[in-house]
Amino acid sequence: MKLVLILLAGIVILAFLLGYVGFQEQGYVKAAGSVVVVAEANSTDGNIIAYGSGFMVSSNYIVTAAHVVNDTVLEDVDVLVIVPGVGDYRATVVYLGDPEGSSRPDLAVLSVPGLELKPLKLASNVVEGQECYAIGYPWQQYVEYGSLYSMEPKITKGIVSDEREDTIVTDAEIDKGNSGGPIVDSSGAVIGVVSYALTSQEALANHNVAVHVEQLKRVLEAIGVKYASPSPAAMLDEATLIVLLAFTAGALGAILVASKR
């Protein structure tokens, strides 16, 4: 009886781990549903001046890059948050960092009452070499779809090639329009906010810089915006999961062999 209970417990653990791996693989895809277009519009005629990306971080709050909405300090420029296929929402800038990232991080926080999207969680750790995904609305999406209101978010895969105190560097492909969008891990938790691409003189092509998630947390805490972090289980990296799966499968195999003797 004791052997049967151990076997059943092992099967439950194995099923959980396999299910969690499936969840991890889909997490970054689901995260795309919380990514929006952030646009500057002429307050007189409504024409779009420029745009970038952003994401829901808390109820009624969107995060983007400061340089995406920097022109809103002018009286004739409004900020619109566009959810393609749904519509647009008038936004208010409640925090504006430094677009150059020198004195304050290249981050902006927008208040968007009435916007109902699932907030993305903010990762508890970033590891150099881990897989990551850039999600946003790059310029080629606009060219393909012809309208900010009908685009679909693009997901590009890369790795964290360098982690610094305030930024992370990734080779995930980004383009004009990605700025302000999230860099997420495989579970869909945010590890950075797209800021800019390094020039060919500074680094190899396709090395892009994002504001570190810890910088974002500090900004949100300073202005009183709540955010959520993943559960401890969601923090398991791929290597740990493989070890756990192998150990559990091996233990179950050993129990089955022993039960037949």
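Since every read-out is calculated from the coordinates, none of them should be taken as a lab result. Being a predicted model, the structure only gives us computed values, none of them experimental. Glycine gets a Cβ as well: all are built from the backbone with ideal geometry, and neighbour counts include every protein chain shown.
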Discussion item. Please report the net charge: other residues with Cβ closer than 10 Å to the Cβ of A50, K and R +1, D and E -1.
Written reply: -1
Worksheet, complete the sentence: Computed ³J(HN,Hα) along the stretch 148-160: with the Karplus parameters 6.51/-1.76/1.60, θ = phi - 60°, integer Hz and x for glycine or proline, the list is 5, 8, 10, 5, 10, x, 9, 10, 10, 9, x, 10, 7
Worksheet item: Ranked from highest to lowest mean number of other Cβ atoms within 10 Å per residue, what is the order of the peptides 185-196, 211-222?
Response: 185-196, 211-222
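If packing is taken as the average number of other Cβ atoms within 10 Å across a peptide's residues, how do 120-126, 165-171, 84-90 rank, most packed first?
Working: 120-126: 20.3, 165-171: 18.7, 84-90: 14.4.
Those peptides, ordered most packed to least, come out 120-126, 165-171, 84-90.
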Practice prompt. Evaluate E = 1/(1 + (r/R0)^6) for V93 and Y149, where r is the Cβ-Cβ distance and R0 equals 30 Å; express this FRET efficiency to the nearest 0.05.
Written response: 0.85
Discussion item. For C132, what residues show an amide H to amide H distance below 5 Å, using hydrogens built from the backbone and excluding near sequence neighbours?
Written reply: G158, I159, V160
Practice prompt. Could I have the simple spin-label model distance between N47 and Q26, label points 7 Å from Cα toward Cβ, reported in nm to one decimal?
Written response: 4.5
Fill in: Percentage relative contact order, the stretch 25-235, counting C-alpha pairs under 8 Å, at least six apart
22
Worksheet entry | the stretch 56-73 - phi-based ³J(HN,Hα) in whole Hz, Karplus 6.51/-1.76/1.60, Gly and Pro as x | 6, 10, 7, 4, 6, 10, 10, 10, 8, 8, 4, 6, 6, 10, 5, 6, 6, 5
Worksheet item: Which whole-Hz ³J(HN,Hα) couplings does the stretch 219-229 yield from phi under the Karplus relation 6.51 cos²θ - 1.76 cosθ + 1.60, θ = phi - 60°, glycine and proline marked x?
Response: 5, 4, 5, 5, 9, x, 9, 6, 9, 10, 10
